[in-house]
Amino acid sequence: MAAPYVVDGTDLRERLSCIQERIERACRRAGRSPEEITLIGVTKTFPVSLVQAAREAGLRHFGENRVQELVAKASVLPGQIDGGDITWHMIGHLQRNKAKDVVAHADWLHSLDNLRLAETLERRATMANRVLPCFVQVNVSGEATKFGLAPEAVHNFLDALAPFEHLEIVGLMTLAAPAEDPEAVRPQFRLLRRLAETYSPKRNPRVQLRYLSMGMSGDFEVAIEEGATHVRIGSALFGPRREA
Ligand SMILES: *Cc1c(COP(=O)(O)O)cnc(C)c1O
């Protein structure tokens, strides 16, 4: 048996079940089923041995914000697209010159936010003969440093994705502004949900906004109360990162 992976004095299994309990409690408050929620462990900056340990603890969804890091980890622990039993989510900003690697090794993309990127992804996905599930990233906080579309541009952008047959638009994604009190960002999550709910599927039948990717370590419970289906959790699961 592998040695337990200890983070801040606590076994990873315990940390995982603690997060799962918090997800369940948030679901109960909102009258939702925990089965609606996909927990994505964000492993950026951590070694692949941590991904392995989390997989052994039962986690199946992993997120990375840099393509190179995702590709390196997926070469050791393959995602579904490479025949593995875990799912790799590319959650960070994506440049067009890395689209090929994402199409080759990422199962899902959370950061589609411009048409030229969509065109490149479509071309690559066509060549690879696959469909790439994508979230459209929205900048709900209005911070200039954030990637993503302005909320008022989202519906027209979704319309414009109609020609891309190899991109499956599954939902909207956002990062809320950092806040001491997660209640402060509740309106941002609510705005993302409203943007999804008010998009008429008649405009582009290929767009099915079934999912909302929102909520991180500091605010995932509020995000779930506001309709999140995919929460992206790093530090609360794996401890603090040493960022470059
Ligand atoms: C790093 C990251 C997360 C996780 O952040 P934590 O606060 O550590 O949970 C979630 N989403 C994206 C896009 C990230 O880059």
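Taken together, the values in this text are just the output of simple stated rules run on the coordinates, not laboratory data. For clarity, every value in this text was computed on a predicted model and none was experimentally measured. Every residue, glycine as well, gets a Cβ built from its backbone with ideal geometry; the counts of neighbours run over all protein chains shown.
Some notes on this structure:
- When the charge dipole of the chain is built from unit charges on Cβ atoms (+1 for Lys and Arg, -1 for Asp and Glu) and taken about the Cα centre, the candidate among 166, 184, 132 whose Cα reaches farthest toward its positive end is 166.
- Relative contact order for segment 9-238, counting Cα pairs under 8 Å that sit 6 or more residues apart, in percent: 20 percent
- Kyte-Doolittle mean at least -0.5, axial Cα span of 18 Å or more - DSSP H helices of the chain: 115-128
- The label-point distance for residue 36 and residue 203, in a model that sets each label 7 Å from Cα toward Cβ, rounds to 2.3 nm.
- Debye-formula intensities of segment 17-142, expressed as log10 I(q)/I(0) at q = 0.19 Å⁻¹, are -1.07 (one equal scatterer per alpha-carbon, no solvent).
- Rounded FRET efficiency, nearest 0.05, which uses the C-beta distance separating residue 14 from residue 95 and R0 of 45 Å: 0.75
- Taking 7 Å steps out from each Cα toward its Cβ at residue 76 and residue 119 produces label points 3.8 nm apart.
- P(r) tail for the chain: Cα pairs beyond 21 Å make up 56% of the total.
- Extent along principal axes [Cα atoms of segment 116-172; Å; largest to smallest]: 37, 21, 18
- Segment 96-118 and segment 217-244 have Cα centres lying 22 Å from one another.
- By the rule of a C-alpha distance below 19 Å, with chain neighbours fewer than 8 residues away ignored, the aspartates and glutamates paired with residue 100 are 64, 69, 82, 113, 119, 122, 165, 168.
- Unit charges on C-beta of K, R, D, E only; dipole of the chain, Debye: 460 debye
- Zone of residue 241's modelled label, taken as backbone nitrogen in segment 58-86 under 12 Å from a point 7 Å along Cα→Cβ: 63-67, 69-70
- Listed residues 90, 156, 215: farthest to the positive end of the dipole of segment 9-238 (Cβ charges): 156
- In summary, the lysines within cross-link reach of residue 98, defined as a Cα separation below 29 angstrom excluding same-chain residues under 8 places away, comprise 44, 73, 146.
- Paramagnetic reach from residue 48 (point 7 Å along Cα→Cβ, amide N under 13 Å) across segment 54-81: 69-79
- The calculated FRET efficiency for residue 184 paired with residue 22, based on their beta-carbon distance and R0 = 25 Å, is about 0.85.
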